[in-house]
Amino acid sequence: MAERKINRKYKDRLFRLRFGSEEYKEDILSIYNALNGTSYRNVDDISITTIDDVIYIKMKNDVSLLLDGNMSLWEQQSSVNPNMPVRGLLYFGNLYDQYIKMNKLNIYGKKLQKIPTPEYIVFYNGEEDYEPITKLRLSDAFIHKNDSGDFEWTATVYNLNKGKNDELLAKCRPLSEYMELVNRIRDNQKNGMSVNDAVDSAVDSCIEDGIMSDFLTKHKAEVRNVCITEFDEKVYTDGIREEGRAEGLEQGIKSMIEVFKELGINQENASVKLKEKFNLDNTQALLYLKKYWI
């Protein structure tokens, strides 16, 4: 596989670049309202902080009061990741630690100290088929199965792809336009464009059509670099994954042939079994036998 060079200078993601800034707090409130059925409008009340790839919303200059009593974290993922509850647990552990210290809460006394309700949202926009809304639970990762619910943590995953959460996107223009740009880049790639050309064309067409036009015009160079890195990195990662699958298949066939030899199975029967086990045709099976039947 040819070596691909990824521009590590731009480690940000389009989602965080688009929504993780004080400059676009109106859009943040729009997403929050669409998710929670609320109608907050006063953007001056909130501030936006980013932790790694996560967007954290809090009330400005008042750490004791968070939006609607919730501690909200949002993260975007372009691949299915069942480990999000563990990640969320670690994020919130750090945030609660800060919250308790800054508010001087005595968690060692007899009085119950109230803390904000956690809300961990993951926006999925990858190309694998995924349910519209999925609840990922920490207990799924336990070595010993435990359905008691005594030790639970949840990440709620919203699939933003077409036909999955159209109602949510209809309520939230910023999120809908974000996905429109992503979809245009993907469509351009499917039509044979290189990553660079696919991004450039999608960004230009969105500006022309009034889709995130102010944001894209103002941050065009940065958006371009972030998107190229993000989509090029996906091609690179998918290539490595496919290469790994091929290597695993090769090793599996080699090991199976060694077993056949030890069991005294002749090459004709071995060929039949290889075809059945690994879904090979006659030519492939014979080539593997020739290669490993030493």
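The values are calculated or read from the model by the stated rules, or taken from the named source; none is laboratory data. Just so it is clear, the structure is predicted and the values come from calculations on it, not from any experiment. Neighbour counts are summed over all protein chains in view; Cβ atoms, including those assigned to glycine, are modelled from backbone coordinates with ideal geometry.
Observations on the structure shown:
- Selected residue [of a type in the set (A, V, I, L, M, F, W, C), at pLDDT 85 or above and closer than 22 Å to Ser21 by Cβ] from Leu90, Leu66, Leu73: Leu73
- Test result for Ile115, crowded, with 17+ Cβ neighbours inside 10 Å and in a loop (DSSP other than H, G, I, E, B): yes
- Of residues in segment 68-82 being surrounded by 20 or more Cβ atoms within 10 Å (Cβ to Cβ) and over 8 Å from the mean Cα position of the chain (by Cα), the one farthest from Glu127 (Cα to Cα): Met71
- Within segment 199-225, residues that are among the β-branched types (Val, Ile, Thr) reach partners that are modelled with pLDDT under 90 with beta carbons closer than 6 Å, at six or more positions or on different chains, in the pairs Val199/Arg224; Val199/Cys227; Val199/Ile228.
- Among the residues of segment 78-119, just one is in contact with a strand residue (DSSP E or B) (Cβ under 6 Å, 6 or more places away or on another chain) and among the polar types (S, T, N, Q), namely Thr117.
- Those residues of segment 266-285 which are under 19 Å from Gln251 (Cβ atoms) and either surrounded by 12 or more Cβ atoms within 10 Å (Cβ to Cβ) or basic (Lys, Arg) (or both), in sequence order: Ala270, Ser271, Lys273, Leu274, Lys275, Lys277, Phe278, Leu280, Gln284, Ala285
- Filtered residues of segment 120-167 (kept if more than 12 Å from the chain's Cα centre (by Cα), under 18 Å from Leu73 (Cβ atoms) and assigned to a loop (DSSP other than H, G, I, E, B)): Glu152, Trp153
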